[in-house]
Amino acid sequence: VDAFQAWCGPCKTVVDLFQKIRNEVGSDLLHFAVAEVDSIDALEKYRGKCEPVFLFYAGGELVAVVRGANAPLLQKTILEQL
């Protein structure tokens, strides 16, 4: 989940990275979503940050968090979680 604020917008470059990885590993294993933290109370703790936050869920549980648009770390985290 790309957790973003309206004034900043979703991280476009990372969306492209996720699409690339999803095409490589298969669409059944990886799902990507964006969430505006200003409108979702459960994501309130991510408000007021000037960097993107990527939340990784498996089985309905938060399993990893990556702060910042660090493509190599995001790719590593995705592959480790899969």
Carbon and sulfur: what percent of the chain's accessible surface (1.4 Å probe)?
52
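Once you charge only the Cβ atoms, +1 for Lys and Arg and -1 for Asp and Glu, what is the size of the charge dipole of the chain about its Cα centre, to the nearest 20 debye? Each step should come with its number before you reach the end.
Details: 8 positive and 11 negative charges, 50 e Å.
With Lys and Arg at +1 and Asp and Glu at -1, about 240 debye.
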Here the alpha-carbon Rg of the chain over 2.2 N^0.38 Å rounds to 1.05
Taking the chain as the reference, fit the longest principal axis to its C-alpha atoms, fit the long axis of helix 12-25 to the helix C-alpha atoms, and give the angle between the two in degrees, 0 to 90, nearest 10.
30
Express in % the proportion of alpha carbon pairs of the range 1-42 at distances exceeding 13 Å.
56
Residue-normalised value, i.e. accessible area per residue, for the chain at 1.4 Å probe, in Å², stands at 63
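The values are calculated or read from the model by the stated rules, or taken from the named source; none is laboratory data. For clarity, every value in this text was computed on a predicted model and none was experimentally measured. Ideal geometry is used to build each Cβ from the backbone, glycine not excepted, and the neighbour counts take in all protein chains shown. Keep in mind that these areas ignore ligands, DNA and RNA; they rest on the heavy atoms of the full protein, side chains included. Shrake-Rupley method; radii C 1.70, N 1.55, O 1.52, S 1.80 Å.
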